[in-house]
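Structure record follows, encoded as structure tokens.
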Amino acid sequence: VDLYATKQVDQSEASVTDELTYTISYGNLGTDTANNTKIYDIIPNNMYVISADPAPTSTTGANGSILVWDAGNLAWGMGGEIELKVSLYPLLKAWSEVENNAVIDSDVFESNFDNNVGSAHTTIVEWESKLAVNIFTQDTTVCVGDTVPFVINFANEGMADANGVTVVNQIPSAL
């Protein structure tokens, strides 16, 4: 039996209000069947679970901090995927790292433990302002001397306030 678990996250950097989606891939690379195979996901105390697909078979640990999926008997070449969505606690410090691990195990002797743990890391970044500016006109045909109205839309799409912002529109000399 040679079980493996890998873990990927959809964001290598995130702010504290973001949701993360983890994908756990698992399987059996060995030639023997792995009986009573289980996948464990240890949820760090700085995040909470929104959803899991498929749903875990059970939970264990303090406050259900370990999710358990019963994969049954995994024959050679068999495996699957689990999608886990979590939200980060807003008190995480900027530039800290969040690590989430998945572990696979069975009742059968394991020939290679090196690939039984999958880890994914996300760096928490500071809240940032994210300014968006859009300028447009509805007039597609104009003549010399016409007045052309332009609309300028601007917004802060980020999580932090944007202070001291000035929007300047440089009008081309041809206009």
Looking at the range 43-54, which of its residues are open to solvent by 70 Å² or more (accessible area, probe 1.4 Å) and among the aliphatic types (A, V, I, L, M)? 50
Please pick out the residue among 103, 68 that is within 15 Å of residue 120 (Cβ to Cβ), surrounded by 15 or more Cβ atoms within 10 Å (Cβ to Cβ) and at pLDDT 95 or above. 103
In this structure, does residue 81 turn out to be under 30 Å from residue 30 (Cβ atoms) and part of a loop (DSSP other than H, G, I, E, B)? no
Go through the range 119-144 and give me each residue that's in contact with a Ser or Thr (Cβ under 7 Å, 6 or more places away or on another chain), hydrophobic (A, V, I, L, M, F, W, C) and open to solvent by less than 80 Å² (accessible area, probe 1.4 Å). 124, 125
Among (1) in contact with a Pro (Cβ under 6 Å, 6 or more places away or on another chain); (2) part of a strand (DSSP E or B); (3) among the β-branched types (Val, Ile, Thr); (4) closer than 28 Å to residue 128 by Cα, there is one condition residue 16 misses while meeting the rest; what is its number? (2)
Can you tell me which residue in the range 19-33 is farthest from residue 122 (Cα to Cα), limited to those that are within 8 Å of the chain's Cα centre (by Cα) and buried (at least 17 other Cβ atoms within 10 Å of the Cβ)? 22
Can you confirm whether residue 75 is of a type outside the set (S, T, N, Q), surrounded by 11 or more Cβ atoms within 10 Å (Cβ to Cβ), in contact (Cβ under 8 Å) with a residue 24 or more places away in the chain and within 30 Å of residue 32 (Cα to Cα)? yes
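The values are calculated or read from the model by the stated rules, or taken from the named source; none is laboratory data. On a predicted model such as this, the values are computed, not experimentally measured, just so you know. No Cβ is skipped: glycine too gets one built from the backbone with ideal geometry, and neighbour counts run over all protein chains shown. The accessibility values were calculated without ligands, DNA or RNA, using every heavy atom of the protein model including side chains. Shrake-Rupley method; radii C 1.70, N 1.55, O 1.52, S 1.80 Å.
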